[in-house]
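Taking it in order: structure first as structure tokens, then the write-up.
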Amino acid sequence: MANKETGAPANGLTYADSGVDIDAGDALVDRIKPLAASTRRPGAAADLGGFGGAFDLKAAGYDDPILISGTDGVGTKLKLAIATGKVDTVGIDLVAMCVNDILAQGAEPLFFLDYLATSKLDPARGANIVSGIAAGCRESGCALIGGETAEMPGMYEGEDFDLAGFVVGAAERGRLLPDHDRMAAGDVLIGLASSGVHSNGYSLVRKVVEVAGLDWSDAAPFAPEQTLGDALLAPTRLYVKACLPLIKAGLVNGLAHITGGGLVENPPRMTPKILNPVIDYTAFELPPVFKWLAETGGIAESEMHRTFNCGIGMLLCVAREDAEKALSMLAENGETGIIVGELQAA
């Protein structure tokens, strides 16, 4: 029976009455504990439930480490995941956007934390999202040691949710990247292929899809064997396993993760002002998804280059005399690198 003046239940309001289900949160934690446990690595137990996560750098094999941290999200690619109901891969995007960034500083990813905010917590959907995060952590050798789930009715509506990720990595002192002292005109730029659009430029992608009058369930014009939604949800590639051995071998002078700003704004972030990274766009073919976006949206070439990765997800700067060895090591690690440019005097 309700209070006639306030409308509140006679026995008092509960948190559940306001739209927050503590039991659902507990159920989600139970579901994701084994996912976190699957990411264990030396230095971290990856257990959940405490107020903080611990990591033992000595157990991870470091002598005199510098810690490198990073944080990022998935952006409006989440709108596509929500619209299609396919939420099991955006967690990989989340990890990739963070770990690829600190990799560009020469750091090995050590541990990861996530933040999931939603209007109403669905333990099954939440577990699907975290399954992607755990998959990304496993692939990059990074322990998922904690996180936060926030149920915030009124802040988010319906199926909406948001993700944020936080990674901490380490490099031995003196091995941080970029190494401007070693960079010189003539150094070559080696490009590593992207898996597609990755996690940047999706506001423009969604606008192109709108202009084309397509639904996410339609066959992708650039990949007819897939739906448009599935094709555009291809997760961001993780480059840790391919690049870390080259970094530890001292073959890499700099790395550029090609995210927002594309191949125009990201490469200069790794070079000193006296050197310009010059990309040869004829050295690689524009993948079908980017050709379709450009043609359908009437997007100028310059706009494509500064918005999208255009098929190159990571760029390595190596001395010209080390290029052959670097390409060989990449191949040994299952990665095909191609020379896509060089450093030139500014």
Scope region 63-108; condition open to solvent by 40 Å² or more (accessible area, probe 1.4 Å), closer than 30 Å to residue 226 by Cα and either free of Cβ contacts under 8 Å to residues at least 12 places away in the same chain or touching a helix residue (DSSP H, G or I) at 6+ places or on another chain (Cβ under 9 Å) (or both); matching residues: 72, 75, 76, 79, 83, 84, 85, 86, 88
Of the residues that make up region 113-126, is at least one out of contact with any Phe, Trp or Tyr (no Cβ under 9 Å at 6 or more places or on another chain), closer than 18 Å to residue 203 by Cα and either in contact (Cβ under 8 Å) with a residue 60 or more places away in the chain or not in a helix (DSSP H, G or I) (or both)? no
Report yes if residue 310 is part of a strand (DSSP E or B) and under 28 Å from residue 105 (Cα atoms), otherwise no. no
Number of the condition not met by residue 52 [criteria: (1) at negative phi; (2) modelled with pLDDT of 90 or more; (3) surrounded by fewer than 16 Cβ atoms within 10 Å (Cβ to Cβ); (4) more than 18 Å from the chain's Cα centre (by Cα)]: (2)
Any idea which of (1) outside any helix (DSSP H, G or I); (2) in contact with a Gly (Cβ under 8 Å, 6 or more places away or on another chain); (3) within 21 Å of residue 255 (Cα to Cα) is the one residue 53 doesn't satisfy? (3)
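Does region 174-199 hold any residues that are open to solvent by 30 Å² or more (accessible area, probe 1.4 Å) and either modelled with pLDDT under 95 or more than 30 Å from residue 233 (Cα to Cα) (or both), and which are they?
174, 175, 176, 178, 179, 180, 181, 182, 184, 185 - these are the residues of region 174-199 that are open to solvent by 30 Å² or more (accessible area, probe 1.4 Å) and either modelled with pLDDT under 95 or more than 30 Å from residue 233 (Cα to Cα) (or both).
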The condition of being touching a His at 6+ places or on another chain (Cβ under 6 Å) and open to solvent by less than 50 Å² (accessible area, probe 1.4 Å) holds, among 297, 262, 311, only for 262
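Take residue 199 and tell me if it is farther than 30 Å from residue 64 by Cβ, within 14 Å of the chain's Cα centre (by Cα) and in contact (Cβ under 8 Å) with a residue 60 or more places away in the chain. Before you say what the answer is, go through the steps one by one.
Details: farther than 30 Å from residue 64 by Cβ: yes; within 14 Å of the chain's Cα centre (by Cα): yes; in contact (Cβ under 8 Å) with a residue 60 or more places away in the chain: yes.
So residue 199 fits the description; yes.
Quick one: in region 64-85, which of the residues that are in a helix (DSSP H, G or I) and among the aliphatic types (A, V, I, L, M) is nearest to residue 99 (Cα to Cα)?
First, the residues of region 64-85 that are in a helix (DSSP H, G or I): 77-84.
The next check asks that each one be among the aliphatic types (A, V, I, L, M); those that pass are 78, 80-83.
Values: 78: 19, 80: 23, 81: 21, 82: 24, 83: 27 Å.
The extreme case among them is 78.
Hey, which of the strands (runs of 3 or more DSSP E) in region 219-288, taking only ones fully inside, have at least 3 residues that are over 17 Å from the mean Cα position of the chain (by Cα) and free of Cβ contacts under 8 Å to residues at least 60 places away in the same chain?
The qualifying strands (runs of 3 or more DSSP E) are 223-227.
Residues 28, 94, 35, 13: which one is hydrophobic (A, V, I, L, M, F, W, C) and modelled with pLDDT of 95 or more? Steps first, please.
Values: 28 fails: modelled with pLDDT of 95 or more; 35 fails: modelled with pLDDT of 95 or more; 13 fails: modelled with pLDDT of 95 or more.
Of 28, 94, 35, 13, the one residue that is hydrophobic (A, V, I, L, M, F, W, C) and modelled with pLDDT of 95 or more is 94.
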Answer yes if at least one residue in region 165-181 is free of Cβ contacts under 8 Å to residues at least 12 places away in the same chain and either part of a strand (DSSP E or B) or among the charged types (D, E, K, R) (or both), and no otherwise. yes
Restricting to region 157-173, and then to whatever is touching a strand residue (DSSP E or B) at 6+ places or on another chain (Cβ under 9 Å) and open to solvent by 50 Å² or more (accessible area, probe 1.4 Å), can you tell me which residue is nearest to residue 243 (Cα to Cα)? 173
So is residue 138 open to solvent by 30 Å² or more (accessible area, probe 1.4 Å), basic (Lys, Arg) and within 20 Å of residue 90 (Cα to Cα) or not? yes
So which of 252, 318, 340 ends up being touching a Phe, Trp or Tyr at 6+ places or on another chain (Cβ under 7 Å), buried (at least 16 other Cβ atoms within 10 Å of the Cβ) and not hydroxyl-bearing (Ser, Thr, Tyr)? 340
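The values are calculated or read from the model by the stated rules, or taken from the named source; none is laboratory data. In this text the structure is predicted, and so the values were computed from the model without any measurement. Neighbour counts run over all protein chains shown; Cβ positions are idealised from the backbone, glycine included. The accessibility values were calculated without ligands, DNA or RNA, using every heavy atom of the protein model including side chains. Shrake-Rupley method; radii C 1.70, N 1.55, O 1.52, S 1.80 Å.
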